[in-house]
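Engineer: Below: one structure in structure tokens.
The values are calculated or read from the model by the stated rules, or taken from the named source; none is laboratory data. All values reported here derive from a predicted model rather than from experimental measurement. A quick note on method: Cβ atoms are made from the backbone with ideal geometry, for glycine too, and the neighbour counts reach across all protein chains shown.
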């Protein structure tokens, strides 16, 4: 049995909330909503939600390639280490990586926590195609987790939400008693040098404190700040810009021209808080 087959124990229909079961070529709920299983090994649960418009499409292949290069260069290793530290060695059951992209963080946790199985949910079909191959104990599902998480109530032991927005109430709903939410929140000065120099999107101040209080009945286990100065080449700085939502608002050629007037290496601030919450 594959990890995706096992994941039907916690998957629910994004249209009506009924449990999903395997069906020929994909999945089906009791209300006969059907979903396809792609030949690349992921399940597509993309569905329109009443009153919320069409589901999001997520990151583009170019954005994912930029992020993979940036991660391969080691610039997010300290963040990944802090995320792993927030997951107890004794954790067992299911880990859900919400808006988890290519599964890079989830795969690292699964490598070190052999009693966990994982599922990545992301709006980007291009991302979950990669996530489906990221780890043997990792399932991949294409879904718009902003409008609703297609997982059953109290079904996961660990929920990750890393550089990804979403409703805290939905995270609370899917967590089992004693479960942990590990939430990575950028500071207002995260990548400030690029923000100021290139007029990029900014993170509002106080976001980490807001996230730490977002699940009222959860205990705040820790709020660990991770800071570093990253010496980036022009190409790496470009990837830092275009691996995230700025890619939807900037032209790579324009940003490259601006960066080429700077002196490399470009020292860029990494500043995030890893918030860990635990349910009673």
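Engineer: Any idea how many residues of region 217-227 are over 19 Å from the mean Cα position of the chain (by Cα) and within 10 Å of residue 277 (Cα to Cα)?
Structural biologist: The number of residues fulfilling the criteria is 6.
Engineer: Ok, one more. What are the residues in region 110-136 that are assigned to a helix (DSSP H, G or I) and either more than 14 Å from the chain's Cα centre (by Cα) or surrounded by fewer than 24 Cβ atoms within 10 Å (Cβ to Cβ) (or both), if any?
Structural biologist: Answer for region 110-136, where residues must be assigned to a helix (DSSP H, G or I) and either more than 14 Å from the chain's Cα centre (by Cα) or surrounded by fewer than 24 Cβ atoms within 10 Å (Cβ to Cβ) (or both): 110, 111, 112, 125, 126, 129, 130.
Engineer: Do we have any residue at all in region 67-77 that's modelled with pLDDT of 95 or more, on the phi > 0 side of the Ramachandran plot and crowded, with 24+ Cβ neighbours inside 10 Å?
Structural biologist: Checked region 67-77: no residue is modelled with pLDDT of 95 or more, on the phi > 0 side of the Ramachandran plot and crowded, with 24+ Cβ neighbours inside 10 Å.
Engineer: Looking only at residues that are without any contact (Cβ under 8 Å) to a residue 60 or more places away in the chain and over 16 Å from the mean Cα position of the chain (by Cα) in region 78-95, which one is surrounded by the most Cβ atoms within 10 Å (Cβ to Cβ)?
Structural biologist: 89
Engineer: Working carefully through the options 107, 140, find the one that is part of a helix (DSSP H, G or I), under 16 Å from residue 2 (Cβ atoms) and within 14 Å of the chain's Cα centre (by Cα).
Structural biologist: Every option except 107 fails the conditions.
Engineer: Looking only at helices (runs of 4 or more DSSP H) that lie completely in region 198-280, which have at least 1 residues being under 30 Å from residue 157 (Cα atoms), touching a strand residue (DSSP E or B) at 6+ places or on another chain (Cβ under 9 Å) and touching a residue at least 40 places away in the same chain (Cβ under 8 Å)?
Structural biologist: Answer list for region 198-280: 207-212.
Engineer: For region 137-145, indicate whether the set of residues that are surrounded by fewer than 24 Cβ atoms within 10 Å (Cβ to Cβ), over 22 Å from residue 29 (Cβ atoms) and at pLDDT 95 or above is non-empty.
Structural biologist: Yes, region 137-145 contains at least one residue that is surrounded by fewer than 24 Cβ atoms within 10 Å (Cβ to Cβ), over 22 Å from residue 29 (Cβ atoms) and at pLDDT 95 or above.
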